[in-house]
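Undergrad: Okay, here's the structure, questions in a sec.
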């Protein structure tokens, strides 16, 4: 899929001879110029619908390694309640849902939420809240009993302060923080440690070889 992004609702003039899908994305909207408005991406033998406006890890081989690593970090069972923040189209939730008692996703992108609903349609133990984490999470404090684990995969700006404070109030046993920016990770790690958590491990993932960008999974425990 070729995605053309701009601030204007008017799609650019373009001639397509290759058999690909083309979408024009502006603000929170997308217009199909050719083909379909989505593609399917396979991770660990599972297909994910990903629309033009939705985010997904482009390095699928390393995404698989990250999913497998999270399974080692979070000893889940059917008594587990998992909170998946900034859950996107459901990459992590889809692999944990069959092994957890309850999965709760939070995502602000309407497009990603629509894809999430398709990608996890088979599960009855999954809930999805559409909205910014800093707006949704405070309303969940006191509503989730015995929260086991949190997976948080924020954008480069990191976790908004009110969202992070709500995570601390929810008191999960473990937090797996997927970060694409070391500086905001350091800031948020300091806040989590001040909130009673201990940083027990950091594992890097080279999602963008031969660049300075690095992804990491940090494990925090109470």
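Read the figures in this text as sums done on the coordinates, not as results from a lab. As the structure is a prediction and not an experimental result, all values here were calculated from the model. Every residue, glycine among them, receives a Cβ derived from its backbone with ideal geometry; neighbour counts consider all protein chains shown.
Undergrad: Using alpha carbons only, how many angstrom separate the centre of the stretch 176-193 from the centre of the stretch 198-222?
TA: Taking the Cα centre of the stretch 198-222 as reference, the centre of the stretch 176-193 is 10 Å away.
Undergrad: Please report 207, 62, 78 as a ranked list, fewest other C-beta atoms within 10 angstrom at the top and most at the bottom.
TA: 78, 62, 207
Undergrad: Can I ask one more? If you average the C-alpha positions of the stretch 119-166 and of the stretch 48-91 separately, how far apart do those two centres end up, in angstrom?
TA: Taking the Cα centre of each part, the stretch 119-166 and the stretch 48-91 sit 14 Å apart.
Undergrad: I want to check the label-to-label distance for residue 79 and residue 199. Put each point 7 Å from Cα in the C-beta direction and report it in nm to one decimal.
TA: The modelled label-to-label distance comes out at 3.2 nm.
Undergrad: Related question: Semi-axes, largest first, in whole Å: what does sqrt of 5 times each Cα gyration tensor eigenvalue give for the stretch 58-221?
TA: They are 21, 19, 16 Å, listed from largest to smallest.
Undergrad: Over the stretch 58-221, what is the relative contact order in percent, taking alpha-carbon pairs closer than 8 angstrom and at least six residues apart?
TA: Reported as a whole number, the value is 20 percent.
Undergrad: What distance in nm separates the simple spin-label points at residue 72 and residue 47, each placed 7 Å from Cα in the Cβ direction?
TA: 3.1 nm
Undergrad: Which order do 181, 124, 206 fall in if you start with the one that has the fewest other Cβ atoms within 10 Å?
TA: Starting with the residue having the fewest Cβ neighbours, the order is 124, 206, 181.
Undergrad: Neighbouring Cβ atoms within 10 Å as the yardstick, rank 56, 116 fewest first.
TA: 56, 116
Undergrad: OK, next. Can you tell me the Rg and the Dmax, both Å, for the Cα atoms in the stretch 54-126?
TA: Taking only Cα atoms of the stretch 54-126, I get Rg and Dmax of 11.9, 32 Å.
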